[in-house]
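Worksheet: one structure, shown below.
The values are calculated or read from the model by the stated rules, or taken from the named source; none is laboratory data. Given the structure is predicted, the values throughout are model-derived calculations rather than measurements. Positions of Cβ are generated from backbone atoms using ideal geometry, with glycine treated the same way; all protein chains shown enter the neighbour counts.
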Ligand SMILES: *Cc1c(COP(=O)(O)O)cnc(C)c1O
């Protein structure tokens with residue numbers, strides 16, 4: 001412990017382990033450590049949402065070429081400006097403007113290291129002493145982790161499974177007080193696969209306006225919809241309530257490793273500007289790392305040249321996969337899926353523990369499933385809903401079928417006799 005004469009002056013920051021106690025990555029690592037190394041079957045990963053490893057989800061060559069062109073030009077070996085390269089910001093504004101009743105300008109757009117950093121910046125900017133934020137349950141645990149790290153109190157409203165996982169707006173009203181700064185809406189939804197209607201989003205906007213809070217719209221799965229509801233961006237309601245729109249190319253273009261996303265003030269009334277939030281965002285970006293310059297430079301070409309058939313191919317595979325997931329889980333005795341996913345890459349299914357022998361909870365289920373069947377599924381606790389499971393269906397459909405067959409065999413083996 002000691003260096004001879006005096007004590008070492010450093011210590012670990014313990015609050016970091018508390019803030020990151022529950023993360024998807026953390027739980028995933030526990031499951032992977034629990035695999036049976038003697039099982040020669042291929043691992044079927046239904047726990048995390050990164051389909052980039054599967055050949056059927058390979059990104060478009062248009063995107064590859066855009067990056068190669070940017071690198072080869074040797075024009076982007078420099079540091080990027082704080083808020084991002086102007087042509088890339090303009091491109092993101094144009095991309096989002098296709099679906100908006102008003103026009104964003106490049107000045108409303110900030111480029112970030114994936115949607116992850118957009119969340120980090122948003123939470124950091126909003127965290128003032130005593131403030132609180134309303135988060136969905138189930139949700140995306142990175143919000144909880146960042147809020148804890150920034151000492152921003154998190155309060156949870158439920159998403160209602162019987163109503164297609166819509167926001168319980170009465171709960172939102174009951175939770176909010178004069179110190180509430182924002183509510184988070186993830187649409188299309190992770191972990192529920194929900195896609196909200198125009199009407200529901202409008203009601204959310206009206207509720208937030210009434211409460212005097214902004215809406216943080218996590219649209220990282222924007223346009224990844226395959227059910228009956230089309231994707232409607234929250235920014236459409238930006239004149240009702242100020243919206244911070246968060247997104248990235250990670251999911252729609254299936255390149256999460258490229259680390260580029262955006263944080264956008266969808267706020268035609270300029271309330272975020274007036275209140276200083278926009279200035280704080282810039283300040284926060286000034287002390288953060290930037291997305292790689294040549295990836296920023298590739299954005300205009302990626303957005304302009306990606307063909308519709310790349311998107312529709314992805315969507316068709318995901319629709320097929322969501323169908324397989326929904327139909328196959330119906331055959332599994334101990335789980336029920338209350339709502340067929342309409343978008344994103346996930347379905348939530350409820351565990352009926354009373355039908356199972358020797359399984360104590362969702363984590364126990366997932367650990368034993370990993371060990372006995374080499375299938376990883378995310379336990380609901382990781383997304384705030386104990387004794388549920390989050391199944392990722394965005395994998396090669398054939399592997400998905402195999403994975404669900406193994407899960408079925410597992411459940412039959414552990415059924416109460
Ligand atoms: C994947 C994901 C993110 C992070 O996106 P990146 O662009 O990979 O940083 C943010 N929010 C939700 C809901 C996600 O599922």
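Odds and ends about this structure:
- Taken over the range 259-273, the criterion of being farther than 14 Å from residue 243 by Cα and either surrounded by fewer than 22 Cβ atoms within 10 Å (Cβ to Cβ) or away from the ligand (no atom under 16 Å from the Cβ) (or both) is satisfied by 259 alone.
- The listed residues are 341, 333, and the only one of them that is modelled with pLDDT under 95 and either at negative phi or assigned to a strand (DSSP E or B) (or both) turns out to be 333.
- Which listed residue, of 220, 195, 241, is closer than 30 Å to residue 319 by Cβ, outside the structural domain of residue 389 (by TED's automatic domain parsing) and in contact with a helix residue (DSSP H, G or I) (Cβ under 6 Å, 6 or more places away or on another chain): 220
- Top-ranked residue of the range 91-120 - restricted to ones that are part of a helix (DSSP H, G or I) and either surrounded by fewer than 20 Cβ atoms within 10 Å (Cβ to Cβ) or at pLDDT below 95 (or both), ranked as nearest to the ligand (Cβ to nearest atom): 116
- Residues of the range 74-81 include none that is away from the ligand (no atom under 16 Å from the Cβ) and in a strand (DSSP E or B).
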